[in-house]
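Q: Sharing a structure, written as structure tokens. Questions coming.
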Amino acid sequence: MTQTSVVAFVDWTAQIHIAGGTGIRNPRTRATVTLENVSKIISSTLKKLSANTNVRFRVTLRLYHGWHRGLNPTENRIAVMDVVNDPDFVFSVNSKDIHIENQIGYGETLLNSLPHRFVQQSGKSMPKINLPDTFRRPLNDNIPREKMVDTSLACDILTHARSDSRDWRLVLAEDDDLVPALFVAEAWSKSRGGRTVLVRRRKNNNYLSLDGLLQEID
């Protein structure tokens, strides 16, 4: 049996909607429900992609969202961290063939940057990050919006395809804006045995050539 390393790059906002989390007011409950649904999507996708093969998968999650107002983590960021740091938390889909790690990466810290591009978050126990203030109010608008999330996700997909080209990348996102990065990641890694897969609910618009790249979910 061979073992394959997988990184799941997750657009957290989209997954909250898919999991039905938008109506859940408690941040920790919302995080738990969304994480569990994400794990089920990952598990079912890997089972489809590896049907009739003898492969074990070890999966690491990276979550992308507007995680900070200025330097302060949002309630969503704190909630996810609280859930996965709970000693009793495990992903229910874990088995001998698919294991999702509790150690989670966040898009606030890029997979590749120069050391002087880090800033210190508020709070002594919080690590240094690259991207603060990803959840902010634009000028003349009282509604906070995410900034730099899609681009950080695209950058990390490309970095991983270059540095870990033999591994697999599952991208859980609904936005066509990521497709160019996925095309490049696929080209960089396929010859070395790596795989890049877009996992989403939304159907292909029939103009994009996504055969072999897209896995649709219900």
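Q: Would you mind telling me which numbered condition in (1) at positive phi; (2) open to solvent by less than 70 Å² (accessible area, probe 1.4 Å); (3) of a type outside the set (Val, Ile, Thr) ASN140 fails?
A: Just one mismatch for ASN140, condition (2).
Q: Hey, VAL90 hits all of (1) touching a Pro at 6+ places or on another chain (Cβ under 9 Å); (2) modelled with pLDDT under 95; (3) farther than 18 Å from LYS128 by Cα but one; which does it fall short on?
A: VAL90 satisfies all of (1) touching a Pro at 6+ places or on another chain (Cβ under 9 Å); (2) modelled with pLDDT under 95; (3) farther than 18 Å from LYS128 by Cα except (1).
Q: Does THR53 qualify as being open to solvent by 70 Å² or more (accessible area, probe 1.4 Å) and over 15 Å from the mean Cα position of the chain (by Cα)?
A: Numbers: open to solvent by 70 Å² or more (accessible area, probe 1.4 Å): yes; over 15 Å from the mean Cα position of the chain (by Cα): yes.
Criteria met by THR53.
Q: Follow-up question, since we're still on this one. Looking at (1) open to solvent by less than 20 Å² (accessible area, probe 1.4 Å); (2) aliphatic (A, V, I, L, M); (3) within 14 Å of the chain's Cα centre (by Cα), find the lone condition where ALA185 falls short.
A: Just one mismatch for ALA185, condition (3).
Q: Here's another thing I want to ask about it. Every residue in the range 20-40 that is in a helix (DSSP H, G or I), open to solvent by 50 Å² or more (accessible area, probe 1.4 Å) and of a type outside the set (Val, Ile, Thr), please. Break it down stepwise before answering.
A: We begin by selecting, within the range 20-40, every residue in a helix (DSSP H, G or I); these are 21-23, 27-40.
Filter once more, so that each one left must be open to solvent by 50 Å² or more (accessible area, probe 1.4 Å): 22-23, 28-29, 32-33, 40.
Passing the criteria: GLY23, ARG28, LYS40.
Q: Can you name every residue in the range 89-127 that is closer than 18 Å to VAL149 by Cβ and open to solvent by 60 Å² or more (accessible area, probe 1.4 Å)? Reasoning before the result, please.
A: Restricting attention to the range 89-127, the residues satisfying the condition of being closer than 18 Å to VAL149 by Cβ are 104-113, 117, 119, 121.
Those that are closer than 18 Å to VAL149 by Cβ and open to solvent by 60 Å² or more (accessible area, probe 1.4 Å): LEU111, ASN112, ARG117.
Q: Also: Given the residues ARG162, ARG166, which is the only one that is in a loop (DSSP other than H, G, I, E, B), in contact (Cβ under 8 Å) with a residue 24 or more places away in the chain and either over 19 Å from LEU61 (Cα atoms) or of a type in the set (D, E, K, R) (or both)?
A: Details: ARG162 fails: in a loop (DSSP other than H, G, I, E, B).
Testing whether each residue is in a loop (DSSP other than H, G, I, E, B), in contact (Cβ under 8 Å) with a residue 24 or more places away in the chain and either over 19 Å from LEU61 (Cα atoms) or of a type in the set (D, E, K, R) (or both) leaves just ARG166.
The values are calculated or read from the model by the stated rules, or taken from the named source; none is laboratory data. If you're wondering where the values come from, they're calculated on a predicted model, not measured in any experiment. Virtual Cβ from ideal backbone geometry, glycine too; neighbours counted across all protein chains shown. Each accessible area value is taken on the protein alone, full model and side chains, heavy atoms only, with ligands, DNA and RNA left out. Shrake-Rupley method; radii C 1.70, N 1.55, O 1.52, S 1.80 Å.
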